[in-house]
């Protein structure tokens, strides 16, 4: 009788330790995904802060490009107000498109291209774009790991019961992959 009791207790302890291990692993991955998203947010905030300075610099040289400035400002506002991962990705992809148009327009203004302030802002924005891409890759890698963990057996059974659900990737749209078209 004692042997059976010990076996039952040992089995319960092993199962409890296994469940604790799975839960802690899921929490660790969830927190890393949240951290990855936070890294993207930091870089997007930096980008949002640079854009008004860039627009003001370009405005001084390209006064008749009012519609383009309004598009960039509108895209920036939409990106700042986006809530979900999917909405933020879509809004930021649109902002990237308008920024590409802004830089394409700047090619027609030699004085602007020679402006030290513009060149510095352009470099900072380019650096920020590179950091955003790196943060996206990092975040998407974490999301991949997290989603895989909650979808494989037997973790999927436990994850579902504990309320863990898959996360969305931060993806670019097809329009983002196209070349910028600028008409004059």
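Observations
- Angle of helix 66-81 to the longest C-alpha principal axis of the chain, folded into 0 to 90 degrees and rounded to 10: 20°.
- Against the chain, whose longest principal axis is taken from its Cα atoms, helix 116-151 shows a tilt of about 20°.
- Here the scattering of the chain is modelled by Debye summation over its C-alpha atoms, one equal scatterer each and no solvent; at q = 0.09 Å⁻¹ the log10 of I(q)/I(0) is -0.47.
- Note on residue 15 and residue 144: with the Förster distance fixed at 22 Å, the Cβ-Cβ geometry gives a FRET efficiency of about 0.15.
- With Cα atoms, 0 to 90° folded angle of helix 2-59 axis to the chain main axis: 0
- Helical content alone sets the calculated 222 nm signal of the chain at -27500 deg cm²/dmol, taking -39,500 (n - 2.57) per DSSP H segment of four or more residues and averaging over every residue.
- Between residue 66 and residue 133, the contour length at 0.36 nm per residue exceeds the Cα-Cα span by 21.2 nm.
- Taking 7 Å steps out from each Cα toward its Cβ at residue 165 and residue 48 produces label points 2.5 nm apart.
- Cβ-Cβ FRET estimate between residue 35 and residue 100, R0 fixed at 30 Å, reported to 0.05: 0.55
- Put simply, when 161-170, 69-78 are sorted by average Cβ atoms within 10 angstrom per residue, most first, you get 69-78, 161-170.
- Per-residue packing, averaged as other Cβ atoms within 10 Å, sorts the ranges 6-13, 17-24 into the order 17-24, 6-13, beginning with the highest.
- The overall shape of segment 1-101, judged from the alpha-carbon gyration tensor, is prolate: a/c is not under 1.5, and a/b is greater than b/c.
- In the chain, Cα pairs under 8 Å separated by at least six residues give a relative contact order of 31 percent.
- Cα shape, segment 1-54, gyration tensor, a/c 1.5 rule: prolate
The numbers here are math on the coordinates, done by the rules we state, and not lab data. As the structure is a prediction and not an experimental result, all values here were calculated from the model. Because the Cβ atoms are built from the backbone with ideal geometry, glycine has one as well, and the counts that use them run over all protein chains shown.
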